[in-house]
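Novice: This is the structure, below, for whatever I ask next.
The values are calculated or read from the model by the stated rules, or taken from the named source; none is laboratory data. None of the values given here were measured: they were computed from a predicted structure. Here the Cβ positions follow ideal geometry from the backbone for every residue, glycine too, while neighbour counts run over all protein chains shown. Areas reflect the complete protein model, heavy atoms only, side chains present, ligands, DNA and RNA absent. Shrake-Rupley method; radii C 1.70, N 1.55, O 1.52, S 1.80 Å.
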Amino acid sequence: MAMVWPREVGFGAGMSELGANNRAASGDAPRRRSRAFRLAVTLVPALAFIGLLWIGLARTGSQAEPGSSAPSFELPVLDGSGALTDEDLRGKPVVVNFWASWCIPCREEAPLLEKTWRAYRDQGVVILGVNIQDAKSDAKRFVEEFGITYPIVRDLDQSLTRDFGVKGLPETFFVDHRWTFIGAIPGAKTGDQQGTVILGAISEDELISNIEILIRRAGSAGE
């Protein structure tokens, strides 16, 4: 096999090139360290934030475990008529629906919720709408558009949203007369909007079957 020899250079030239290379390398080293430092300064806070976000999400599991007590609350009523508290609802079968006017599945299920409320309110059932992440004017237009007559409250700081462990919008919870969760209906994820997970609308079968459970529980308690 043929040997390939390096180009000959004079001793002085070789030393000169080596010295130049060493100087260039020594000059590059601080720049590389500086770039590495800037990269670390940028990445460390970002990684720390991601870590905190992951921990927060891990802790934000749904609180609506069947048999657990629903949280207490006091929230302003959308129409400005005052405040509504959990004490006003205890002793009744309650359907709690979290929604926002810009949420498309919320719009899809609004007529069903109103129709169901009208059908079951004489049996003591209460449907409570909890409006979040919304302008008051937009929420009012939503109520007027769909002719909603069941009570609507606004969770301005999303404290009740966190207490319920809401995963996305819309999401519906069922609370019995003892103010105890019997479960929740989060629809399948359909996308994201305004930084919020969007879930599918509740079906009529899901809504009615859970309300019937609430009514039976309340009836058996009165016997």
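Novice: As an exercise, use a Förster radius of 41 Å and the Cβ-Cβ distance of residue 115 and residue 69 to find the FRET efficiency, rounded to the nearest 0.05.
Specialist: That pair, residue 115 with residue 69, gives E of 0.85.
Novice: Now for a separate question. Enumerate the amide H contacts of residue 190 below 5 Å, restricted to partners 5 or more residues apart or on another chain; note that Pro and chain-start residues carry no placed amide H.
Specialist: Counting only residues 5 or more places away or on other chains, the set is 198, 199, 200.
Novice: What's the percent breakdown of Cα-Cα distances in segment 136-212 across 10 Å bins, shortest bin first?
Specialist: With a bin width of 10 Å, the distribution comes to 15, 41, 41, 3.
Novice: Hey, with R₀ at 35 Å, roughly what FRET efficiency would residue 123 and residue 194 work out to, going by the Cβ-Cβ distance, to 0.05?
Specialist: Numbers: r = 36 Å, r/R0 = 1.04.
FRET efficiency, residue 123 to residue 194: 0.45.
Novice: Which length gain, in nm to one decimal place, applies between residue 213 and residue 157 when the Cα-Cα distance is subtracted from 0.36 nm times their residue separation? Before the final figure, lay out the partial values.
Specialist: Numbers: separation 56, 0.36 × 56 = 20.16 nm, distance 3.14 nm.
Between residue 213 and residue 157, full extension yields an extra 17.0 nm.
Novice: Related question: Can you give the accessible area per residue of segment 103-223, in Å², using a 1.4 Å probe? Write out the running numbers ahead of the final one.
Specialist: Details: 5570 Å² over 121 residues.
Solvent-accessible surface per residue comes out at 46 Å².
Novice: In whole Hz and in residue order, list the ³J(HN,Hα) couplings for segment 182-196 that follow from phi through the Karplus curve 6.51 cos²θ - 1.76 cosθ + 1.60, θ = phi - 60°; x for Gly and Pro.
Specialist: Calculated HN-Hα couplings, in order: 10, x, 9, 10, x, x, 5, 4, 10, x, 10, 8, 6, x, 10 Hz.
Novice: Using a 1.4 angstrom probe on heavy atoms only, work out the carbon and sulfur share of the accessible area of segment 86-223 in %. Don't jump to the answer; show the numbers that get you there.
Specialist: Details: 2930 of 6090 Å².
Percent of accessible area from carbon and sulfur atoms in segment 86-223: 48.
Novice: Separation of segment 63-140 and segment 190-219 by C-alpha centroid, Å?
Specialist: 12
Novice: Right, next: Along segment 97-114, what does the Karplus equation 6.51 cos²θ - 1.76 cosθ + 1.60 (θ = phi - 60°) give for ³J(HN,Hα), rounded to whole Hz, x for Gly and Pro?
Specialist: Result, rounded to whole Hz: 10, 8, 8, 8, 5, 8, 7, 4, x, 5, 5, 5, 8, 4, x, 5, 4, 5.
Novice: Related question: Sort 204, 87 from largest to smallest accessible area, using a 1.4 Å probe on the heavy atoms of the protein chains.
Specialist: On the way: 204 85, 87 125 Å².
Of 204, 87, the descending order of accessible area is 87, 204.
Novice: Follow-up question, since we're still on this one. Suppose we take every Cα in segment 101-187 and form the convex hull; what volume per residue is that in Å³?
Specialist: Numbers: hull volume 8.5 nm³, N = 87.
So the per-residue Cα hull volume is 98 Å³.
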